[in-house]
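Note sheet for the following structure.
The values are calculated or read from the model by the stated rules, or taken from the named source; none is laboratory data. None of these values were measured; they are calculated from a predicted model. Cβ placement follows ideal geometry from the backbone for every residue including glycine, while neighbour counts extend to all protein chains displayed.
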2 protein chains.
Amino acid sequence: MATQGTQEIAEEAARVAVGILGGTGDEGRGLARRLAMAGNRVIIGSRDAGRAAGAAATCGSPPQVTGAVNEEAARAADVVIVAVPWEGHADLLTRLASALEGKIVIDCVNPMAFDSHGAYPIPVPEGSAAQQAAAVLSGSTVVGAFHHVSAPLLLDPDVSELDMDVLVLGDDRHATDLVQALAERIPGVRGVYAGRLRNCGQVEALTCNLVSVNRRYKAHAGLRVTDI
Amino acid sequence: MATQGTQEIAEEAARVAVGILGGTGDEGRGLARRLAMAGNRVIIGSRDAGRAAGAAATCGSPPQVTGAVNEEAARAADVVIVAVPWEGHADLLTRLASALEGKIVIDCVNPMAFDSHGAYPIPVPEGSAAQQAAAVLSGSTVVGAFHHVSAPLLLDPDVSELDMDVLVLGDDRHATDLVQALAERIPGVRGVYAGRLRNCGQVEALTCNLVSVNRRYKAHAGLRVTDI
């Protein structure tokens, strides 16, 4: 597919309805809040429709932000963000495969665990959560993004701009362009193409390093890519 | 070990003699050049003493920068940077284990390969090159650092400052503090603690993503950590 112009893709990103699977968690609610503030229609998904509606009320309100069970959120959206815990990731996506068919699916899941020494990555047979999603969702276009965005910053009403780049990975140029443009609807954020899906594992795992940075420096660390 | 003051550790970093194994490659020569410019004594190591001396002449000159075979470079230095190709990494370190005993060893090796789609990480049984080094060098203190520093920028005489953070990983606080201070001897660079050695694999592999960034944006990309 030919690359669209920057203005054209930004307009497309402004029009998409965004579903967020596992949208009642902090990361999901934070992204819902920021994308709704930017003007996008957002459907928060959850296993429980009542909890989804409750989360929608905390980060915007109907009709712009609504809640639904995950499958309905997937069907109602143009672009779907997967923000569920790593446990159950494959199961949920397998179950929603037909609802997600033909859509762009943004995986922001970080397979990681904690022990007394802090965070460490969980090995994924497929190479990464995003590659697992792509393996399960053969009818969708999977993009990896939003792995390092701090939920507390997304949810903080005193934070008007986020000082970070969002690394976007995928094998389809239109999809990565669109997700970069979607990320850039959050003030301060720049969407940066950072490679094919096969290079998503280390981007997911790098979240463990940011956890270490946050502990050492008492921060909500993000990344910027220099020289671009 | 108690954490030293910032000034004290900076002074210690100024005094160390730095050996660079595989120092005739672009990355090794680039680091040799910048550390010598900062005032450190540098010993470039190579399999071939003549090639090491030749490299020394291109990035400083005796007595501040000298060349030697790898084993001599290891013995003569206080801190040793491993900048060899991934192939042969384990063999070289196994052979030099006694020469490296009691020293801080900085591993900056990125296990990666290329095909028609670009760069991709090579899985390492120990988890990362740095963890492999630690497994082989039981008498040394291994630190991971300098993975993302662009050799062309290090070697470019028109580049006076590098716009990037160096992520430093390790399990010994004095060693990571010293390597952060050593990195900061290069103008523009900030040394950032980024976790224990077990979280080094994704930092090494992330070099593949920077290769993708460089291709897409025609850049020499680096990273900055925000909010610290």
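On the stretch given as segment B:99-113, residues that are touching a residue at least 12 places away in the same chain (Cβ under 8 Å) and farther than 25 Å from residue B:181 by Cβ total 2. The set of residues in segment A:195-223 being touching a Ser or Thr at 6+ places or on another chain (Cβ under 6 Å), closer than 23 Å to residue A:170 by Cα and either more than 7 Å from every other protein chain (Cβ to nearest Cβ) or touching a residue at least 40 places away in the same chain (Cβ under 8 Å) (or both) consists of A:200, A:201, A:204, A:222. The condition of being within 11 Å of another protein chain (Cβ to nearest Cβ) and of a type in the set (A, V, I, L, M, F, W, C) holds for only one of A:179, A:192, that being A:192. Exactly one residue among A:23, A:54 is touching a strand residue (DSSP E or B) at 6+ places or on another chain (Cβ under 8 Å) and either at pLDDT below 95 or within 27 Å of residue A:211 (Cβ to Cβ) (or both), and that residue is A:23. Taking the numbered list (1) buried (at least 22 other Cβ atoms within 10 Å of the Cβ); (2) over 17 Å from the mean Cα position of the chain (by Cα); (3) not in a loop (DSSP other than H, G, I, E, B) in turn, residue B:198 passes all entries but (1). Looking only at residues in segment B:163-176 that are within 11 Å of chain A (Cβ to nearest Cβ) and assigned to a strand (DSSP E or B), which one is farthest from residue B:35 (Cα to Cα)? Among those residues, the one meeting the criterion is B:169. Scanning segment B:168-186 for residues that are over 11 Å from residue B:104 (Cα atoms) and of a type in the set (A, V, I, L, M) returns B:168, B:169, B:181, B:182, B:183, B:186.
Taking segment B:28-87 and the strands (runs of 3 or more DSSP E) fully enclosed by it, the elements with 3 or more residues that are over 15 Å from the mean Cα position of the chain (by Cα) are at B:65-69. Taking the numbered list (1) touching a residue at least 12 places away in the same chain (Cβ under 8 Å); (2) surrounded by fewer than 22 Cβ atoms within 10 Å (Cβ to Cβ); (3) within 24 Å of residue A:201 (Cα to Cα); (4) in contact with a strand residue (DSSP E or B) (Cβ under 7 Å, 6 or more places away or on another chain) in turn, residue A:83 passes all entries but (2). In summary, residue A:163 fulfils each of the numbered conditions (1) surrounded by 20 or more Cβ atoms within 10 Å (Cβ to Cβ); (2) in contact (Cβ under 8 Å) with a residue 24 or more places away in the chain with the single exception of condition (1). If you take the residues in segment A:109-146 that are within 11 Å of chain B (Cβ to nearest Cβ) and in a loop (DSSP other than H, G, I, E, B), which one is surrounded by the most Cβ atoms within 10 Å (Cβ to Cβ)? Top of the filtered list is A:128. The residues of segment B:14-26 that are assigned to a helix (DSSP H, G or I) and either in contact with a Gly (Cβ under 8 Å, 6 or more places away or on another chain) or buried (at least 24 other Cβ atoms within 10 Å of the Cβ) (or both) amount to a single one, B:14. The set of residues in segment A:150-160 that are surrounded by 22 or more Cβ atoms within 10 Å (Cβ to Cβ) and assigned to a loop (DSSP other than H, G, I, E, B) contains only A:150.
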